[in-house]
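A short write-up of the structure that comes next.
The values are calculated or read from the model by the stated rules, or taken from the named source; none is laboratory data. Computed from a predicted model, the values in this text were never measured in an experiment. Using ideal geometry, Cβ is built from the backbone for each residue, glycine included, and neighbour counts are taken over all protein chains shown. We work out accessible area using only protein heavy atoms, side chains counted, and drop any ligands, DNA or RNA first. Shrake-Rupley method; radii C 1.70, N 1.55, O 1.52, S 1.80 Å.
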Amino acid sequence: MGKFYGRVKIEMACSFLYYKKGTATQNILHNLKYNNHPEISYFLGNLYAQQLKETTILDTVDEIIAVPLHKSKQRKRGYNQVEGFAKALADNFHIPINEKLLIKSKRGKSQAKKGLFDWLKTKEAEFVLCPKADKQAKHFLLLDDILTTGSTLEKCAKQLLNIPHSKVTILCLAMSTKSF
């Protein structure tokens, strides 16, 4: 949760794995994201769910929101690498997935190699609430594959928190050990 301190008000944030260059975790997530293995996301989500069942973290969550990809990137890749993770948690905890509330409005370059200050320079809203979506106050579970700087999740959480009386909890498959 330290990556979000003073940036956005969230209930909690945690990850399943640590991500470090040259490790098995890097290899697994690289295969998920770039080598057409979306099944890895569901598999890891199920493993994570088993640990989460021993906690109360998800007891008050109303909806799951996977960080969205821009339409063109999703078409190119063929899938959103976070969808399997979302589906696994939805299956294990019977929490609905909302795929329509948050959209990526602007396509940018890959964020994987950007540092925190490069992220912060991007002022345009990359993520927005869908104008047609139902915007009721809820406790949202925001999911992503890898937490690095936290900028993507911060931008998404800020949009969700624009809905009055909403709350956000963040879960990631992995958190980078790289410090910024």
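Would you call LEU143 buried (at least 20 other Cβ atoms within 10 Å of the Cβ), at pLDDT 90 or above and assigned to a strand (DSSP E or B)?
In short, yes.
Is it true that LEU89 is in a loop (DSSP other than H, G, I, E, B), closer than 18 Å to ALA157 by Cβ and either of a type in the set (A, V, I, L, M) or modelled with pLDDT under 95 (or both)?
So LEU89 fails the test.
What about GLN74, is it open to solvent by less than 60 Å² (accessible area, probe 1.4 Å) and either in a loop (DSSP other than H, G, I, E, B) or of a type in the set (Val, Ile, Thr) (or both)?
No, not satisfied.
Going by the structure shown, is THR152 in contact (Cβ under 8 Å) with a residue 60 or more places away in the chain and crowded, with 18+ Cβ neighbours inside 10 Å?
When the stated conditions are applied, THR152 passes them.
Among the residues that make up region 62-78, is at least one of them at pLDDT below 95, closer than 25 Å to VAL128 by Cα and either in contact with a Leu (Cβ under 8 Å, 6 or more places away or on another chain) or aromatic (Phe, Trp, Tyr) (or both)?
Within region 62-78, one or more residues are at pLDDT below 95, closer than 25 Å to VAL128 by Cα and either in contact with a Leu (Cβ under 8 Å, 6 or more places away or on another chain) or aromatic (Phe, Trp, Tyr) (or both).
Can you say whether GLN81 is without any contact (Cβ under 8 Å) to a residue 12 or more places away in the chain, closer than 16 Å to THR152 by Cβ and either open to solvent by less than 20 Å² (accessible area, probe 1.4 Å) or more than 14 Å from the chain's Cα centre (by Cα) (or both), as far as the supplied structure shows?
no
Within region 41-59, identify whether any single residue is out of contact with any helix residue (DSSP H, G or I) (no Cβ under 7 Å at 6 or more places or on another chain), β-branched (Val, Ile, Thr), modelled with pLDDT of 95 or more and open to solvent by 80 Å² or more (accessible area, probe 1.4 Å), and answer yes or no.
Yes: region 41-59 contains one or more residues that are out of contact with any helix residue (DSSP H, G or I) (no Cβ under 7 Å at 6 or more places or on another chain), β-branched (Val, Ile, Thr), modelled with pLDDT of 95 or more and open to solvent by 80 Å² or more (accessible area, probe 1.4 Å).
So, of the residues in region 1-25 that are open to solvent by less than 50 Å² (accessible area, probe 1.4 Å) and part of a helix (DSSP H, G or I), which turns out to be nearest to ILE170 (Cα to Cα)?
Out of the qualifying residues, it is PHE4.
So which pairs qualify, if the first residue must be in region 9-31 and on the phi > 0 side of the Ramachandran plot, the second must be open to solvent by less than 70 Å² (accessible area, probe 1.4 Å) and of a type in the set (Gly, Ala, Ser), the Cβ gap must be under 7 Å, and the two must be at least 6 apart or on different chains?
Partner pairs satisfying both residue conditions: none exist.
Looking at LEU32, LEU58, LEU44, LEU52 in this structure, which one is touching a Leu at 6+ places or on another chain (Cβ under 7 Å) and over 14 Å from SER15 (Cβ atoms)?
Of LEU32, LEU58, LEU44, LEU52, the one residue that is touching a Leu at 6+ places or on another chain (Cβ under 7 Å) and over 14 Å from SER15 (Cβ atoms) is LEU58.
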